[in-house]
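So the structure is just underneath, and the comments pick up after that.
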Amino acid sequence: MILAVCALVSLVVGIIMEGWPKGAQDGIGIVASILLVVFVTATSDYRQSLQFKDLDKEKKKITVQVTRNSCRQKLSMYDLLPGDIVHLNIGDQVPADGLFVSGFSVLINESSLTGESEPVNVSELNPFLLSGTKVQDGSCKMLVTTVGMRTQWGKLMATLSEGGDDETPLQVKLNGVATIIGKIGLFFAVVTFSVLVQGLFSRKLREGSQWMWSGDDAMQIVEFFAIAVTIVVVAVPEGLPLAVTLSLAFAMKKMMNDKALVRHLAACETMGSATTICSDKTGTLTTNHMTVVKAYICGKIKEVNGSKVYSDFSSDIHDSALAILLESIFNNTGGEVVKNKDEKIEILGSPTETALLEFGLSLGGDFHKERQRSKLVKVEPFNSIKKRMGVVLQLPDGGFRAHCKGASEIILASCDKVVDSSGEVVALNEDSINHLNNMIETFAGEALRTLCLAYLDIHDEFSVGTAIPTRGYTCIGIVGIKDPVRPGVRESVAICRSAGIAVRMVTGDNINTAKAIARECGILTDGIAIEGPEFREKSEEELLDIIPKIQVMARSSPMDKHTLVKHLRTTFQEVVSVTGDGTNDAPALHEADIGLAMGIAGTEVAKESADVIILDDNFSTIVTVAKWGRSVYVNIQKFVQFQLTVNVVALIVNFSSACLTGNAPLTAVQLLWVNMIMDTLGALALATEPPNEELMKRPPVGRKGNFISNVMWRNILGQSIYQFVVIWFLQTRGKVTFHLDGPDSDLILNTLIFNSFVFCQVFNEISSRDMERINVFEGILKNYVFVAVLTSTVVFQIIIVEFLGTFANTSPLSLKQWFGSVLFGVLGMPIAAALKMIPVGSV
């Protein structure tokens, strides 16, 4: 804006003095430069906002399970229609307004709509479900009544427009840097202007013409003002926030291709300084495709393998025991066996439920027949605090029977009887309890997830209001479910190790299963594995001692995870990223510096609390996110190093020559062009470097790292001194070296200085591609943006010098002079390489 005023004054004075068009050239030059800078900045900002719109659409994609045309299917939330029946489970977001049809112990958290934190009980008596609320407990079917903007949530959203992203921590830091540099620039500009005006006054005093002011003198003062203003423009690095935004937007787009959706910009860069990852086991480290591979029933261990299951089990196991096992599997479940459009059998439900139902079908059971034989009276869905699920059935003869399943130790503790090898129910004694516990440990030691199934006949009358009993059960058997480790996890954990990122596993599973999987992944090495209940009992002092050594936490509750994350962050100053998929993970995801939610297995509540959504639920993707985060940080450091060098040199050159010779070698238009190269184009070129493997071999920045490191200061100061020496040499000895004489010698010399200065920046930009390695050409041709920016800079420079002399105050140069300018630029590269050999501390 200041420059625009300056251009206006220049135009008015110029036209009055020299007439149109000659007098208008300076002013038009400045206006053209301003327009170019504004246009380029606006374009890149606009393109970036479009990218955020695309990401916003991705964020909102939610699939729901729906029964439509009597066929159960998965649909996008946006394809729902009134009349659809939606199946809701714990942790789901209600996708539309609707009515409760059937379900059990449904608690809805309506805080996002009403602000009431107390969950609401939904049943036939209070059947209303509102979109945007979340299922806190239970499961139900809902009839959709209104969708889209007509829902309560839609009406609420129509009154709000979503705010933009907050500034990221790095942008805040850089804005601070920009302000300080701007103030220094302002100071230099004022001093430069004063010195130049004082020079004019003293000259007029010497000539004795201090009372006679002509248009020429006014023109000179306007020129001095323009130079002072441009010093401010060059000094203020308005490209810094642009570089951050560009770099983050570029990284976000690439991360989308790598299956990571960034919900908050800041997470991108924070992930680069992560020092600890607390990961879930199920679905993140493992494939989450579960199958029952072993079962212990009627005192016998049976391998479960494919086609022979039915014949194996029916020949060895008593019919009554098999019947009660199938009754338990098919009734006590949150899953369902359905026929899809092609009349094929499909099993829907969580991976554990699917594994059990598959096992039941392979035993020759019929899901629908079992369901019709008895009536479900009450269901208590599985939740991570109780670690069990229970149902009560009304049998055909009128009696009641409870079935429960869940974490083996917990269910076994509720049992006092067991089904023996002849199918009889016998009391449990100490030996048989120990034997069962040994079975659980054996299964867990083979990295199997164990579940215990049990039942209890209730002889009294049972009503829906009464709680399902928790003691006196009869153990039916124990199943071992295999959840294989994902391919590539071991390598990813090793990469994290070498990058200085500690990986910890936090899981609700049995400690032996957790240890076996952690060893397979390479997580459990020399640290300790601890169980949640034991962790909870520790005092503050014990926690301080034990937390750094914990590599595996098993049987953990959501609050254990939260406590661990909180301690790591506050007491140990770690930058913690946490992965989670369940509703119960929301507190830990919220507490962590970076919350990573799983895109496939994750509930809507977990995704809402997370900063990044891992779309393929794969641990390797988390490592990619860390790599991109580091890349963003390093790219911005490179850009800042490049830009500060230009700032320092442009400031010192114009200031010193204004003070010493009374005129500035770089004019307003030239400085604007340099500003354009370093701010907008430099940001484009350096902020879009893709990450390399080297990034994951250095330690993380952590919480306390300085943004401008010693390495950067070394490179900035070294380059600045070299460039300053070049320009100073040209100013003092340039005419002699290049044999310049005649009326145009000053103009040619200033053009030479401008040209050499620009080529110093071009080659310094190449040197800035890596702050520590000497080989900066590696992979340069793969980065098309970088090559395009450099090429266009050079082409524009040739056009400015050779053809736009009247606007930019330049004069066409001879081949020898061009060669000299480029040579000065090229010499900067060996100097940059030599500087990189000087050892400095890493901070």
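The values are calculated or read from the model by the stated rules, or taken from the named source; none is laboratory data. No experiment lies behind these values; they were computed from the predicted model shown. With ideal geometry, Cβ positions are generated from the backbone for all residues, glycine too; neighbour counts draw on all protein chains shown. Side chains included, ligands, DNA and RNA excluded: accessible areas come from the protein's heavy atoms. Shrake-Rupley method; radii C 1.70, N 1.55, O 1.52, S 1.80 Å.
A few remarks follow.
- Residues located in the range 497-528, provided they are within 30 Å of K697 (Cα to Cα) and open to solvent by 30 Å² or more (accessible area, probe 1.4 Å): R497, S498, G500, A502, K515, R519, E520, T525, D526, I528
- Within the range 1-31, considering residues that are among the small types (G, A, S) and surrounded by 16 or more Cβ atoms within 10 Å (Cβ to Cβ), the one nearest to F803 (Cα to Cα): G29
- Extreme residue, modelled with the lowest pLDDT, among residues of the range 135-152 that are open to solvent by less than 40 Å² (accessible area, probe 1.4 Å) and not hydrophobic (A, V, I, L, M, F, W, C): D137
- For the range 246-264, filtering for residues that are assigned to a helix (DSSP H, G or I), open to solvent by 10 Å² or more (accessible area, probe 1.4 Å) and touching a Ser or Thr at 6+ places or on another chain (Cβ under 8 Å) leaves 2.
- Any hit, the range 721-729, residues being closer than 27 Å to F188 by Cα, touching an Asp or Glu at 6+ places or on another chain (Cβ under 8 Å) and part of a helix (DSSP H, G or I): no
- Scanning the range 94-121 for residues being hydroxyl-bearing (S, T, Y) and in a helix (DSSP H, G or I) gives a total of 3.
- The range 352-372, residues that are within 25 Å of L88 (Cβ to Cβ) and open to solvent by less than 40 Å² (accessible area, probe 1.4 Å): T352, E353, T354, A355, L356, L357, G360, F367, E370
- Among (1) out of contact with any strand residue (DSSP E or B) (no Cβ under 6 Å at 6 or more places or on another chain); (2) crowded, with 20+ Cβ neighbours inside 10 Å - the single one R388 does not satisfy: (1)
- Across the range 787-841, the qualifying residues are those that are part of a loop (DSSP other than H, G, I, E, B) and of a type outside the set (A, V, I, L, M, F, W, C), and the one among them that is nearest to G718 (Cα to Cα) is P839.
- Residue match in the range 222-245 (condition: modelled with pLDDT under 75, polar (S, T, N, Q) and not in a helix (DSSP H, G or I)): no
- One residue stands out in the range 629-650 among those that are open to solvent by less than 10 Å² (accessible area, probe 1.4 Å) and among the aliphatic types (A, V, I, L, M): the one that is nearest to N750 (Cα to Cα), namely A650.
- Single residue of V785, V822, V826, V789 found to be buried (at least 20 other Cβ atoms within 10 Å of the Cβ), in contact with a helix residue (DSSP H, G or I) (Cβ under 8 Å, 6 or more places away or on another chain), assigned by the TED database to the domain that holds Q25 and in contact (Cβ under 8 Å) with a residue 40 or more places away in the chain: V789
- Of the strands (runs of 3 or more DSSP E) contained entirely in the range 300-361, those carrying at least 3 residues that are farther than 30 Å from T63 by Cα and in contact with a strand residue (DSSP E or B) (Cβ under 8 Å, 6 or more places away or on another chain) fall at 300-303.
- Answer residue from the range 658-673, given it is touching a helix residue (DSSP H, G or I) at 6+ places or on another chain (Cβ under 6 Å) and in a helix (DSSP H, G or I) and is modelled with the highest pLDDT among those: Q670
- Among the residues of the range 195-219, the one identified as under 17 Å from F655 (Cα atoms) and either open to solvent by 50 Å² or more (accessible area, probe 1.4 Å) or not in a helix (DSSP H, G or I) (or both) is Q198.
- Residues of the range 350-409 that are without any contact (Cβ under 8 Å) to a residue 40 or more places away in the chain and on the phi > 0 side of the Ramachandran plot: G398 alone.
- Scope the range 325-345; condition over 30 Å from G299 (Cα atoms) and surrounded by 14 or more Cβ atoms within 10 Å (Cβ to Cβ); matching residues: V338
- Close Cβ contacts (under 8 Å, 6 or more residues apart or on different chains) running from residues in the range 284-295 that are touching a residue at least 60 places away in the same chain (Cβ under 8 Å) and within 30 Å of A260 (Cα to Cα) to residues that are of a type in the set (S, T, Y) and in a loop (DSSP other than H, G, I, E, B) comprise N288/T282.
- Yes/no for S745 being surrounded by 14 or more Cβ atoms within 10 Å (Cβ to Cβ), hydroxyl-bearing (S, T, Y) and without any contact (Cβ under 8 Å) to a residue 40 or more places away in the chain: yes
- Yes/no for V292 being over 30 Å from V669 (Cβ atoms) and either open to solvent by less than 20 Å² (accessible area, probe 1.4 Å) or at pLDDT 75 or above (or both): yes
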